[in-house]
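Readers should treat all values here as calculations from the given coordinates under stated rules, not as data from a laboratory. A quick note: this is a predicted structure, and the numbers were derived from the prediction, not measured. Positions of Cβ are backbone-derived with ideal geometry, glycine not excepted, and every protein chain shown enters the neighbour counts.
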Amino acid sequence: MMVSGSMSSGYSSLEEDIEDYFFTAKENLSRRSAKVQNVQSEEKKPDLQELMRKIEIFNNEVQNGLVMKMAEDGTYTGFIKVHLQLRRPVTVSSQTPSVYTKKEASSNKAKENWTSINVPLDAMKQLHISSITTASEVIRGLLQKFQVVDDPLKFALFKKMQKEGQVFFQKLAVTEHPLYVRLLAGPDADVLSFVLKENEIGDVQWDAFTVPELQNFLLILEKEEREKVQHVQKKFVTFRQHLQEALKDNKKK
């Protein structure tokens, strides 16, 4: 089953994002804490004048009008685009996130409205965020946006970079600020883009998965194993046929 409706391939319109993006600048500013400020300072951000200069350069280079805007307190807002490259099925709810309390979210009543789907590998979403929005908040916001009920720890936000014809992926720390990463890289998506993927194997919190989810993973792995075995067997049969034909031709000579 493929995602349809609100999760579709391609970028959403600017008007749609302005109407319903999950983190407004006001919400971000109101939730800012001393802890977040400390993390931001640890990233060795440039001073205000340098920051303004970088934003000006960025806005002069951007082609689609999605400029960054600075507030009086030194924070700024802008847009990022996140590609969703999820290879495993995700669990979504037909109910809006506000229907159930946190305690009820895993109840049998809530699970009646859950279904497992596959997200198209070319799906992407444009987000309006603040400079203090963390990678963790982007992940949680995306999942909430599309009513995905899986634990956010199952996912990670990566930056995809291209250099000399090669593609590199690097996972962002949960406390990193994607908009600042975008600012440093510039607006060119060919230089850097963001990708939401499953967490790396070594970092997966397996306790966060339910038994049905783990069983589903086993079924997927068994299917992939059967397909791989069939592929190898087919290659072997073809190779044997060519070998037998070559032996027959050799005998005739």
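Some observations on this one:
- Scaling the Cα radius of gyration of the range 210-253 by the globular reference 2.2 N^0.38 Å produces a ratio of 2.07.
- Each peptide in 166-174, 232-240, 152-160 was scored by the mean count of other Cβ atoms within 10 Å over its residues; highest first, the order is 152-160, 166-174, 232-240.
- Of Lys81/Lys159; Lys197/Lys228; Lys81/Lys154; Lys81/Lys163; Lys159/Lys197; Lys160/Lys223, pairs whose Cα-Cα distance is over 18 Å: Lys197/Lys228; Lys81/Lys154; Lys81/Lys163; Lys160/Lys223
- One chain, two ends: Val167 and Gln230. Fully extended at 0.36 nm per residue, the span grows by 19.6 nm beyond their Cα-Cα distance.
- Computed lengthening from Met52 to Arg87, 0.36 nm per intervening residue step minus Cα-Cα distance: 8.7 nm
- For the listed peptides 178-190, 78-90, 126-138, 218-230, a ranking on the average number of other beta carbons within 10 Å per residue, highest first, reads 126-138, 78-90, 178-190, 218-230.
- FRET efficiency estimate (nearest 0.05) - Cβ-Cβ, Phe239 to Val191, R0 41 angstrom: 0.40
- Built amide H within the under 5 Å cut-off of Val119, gap 5+: Val90
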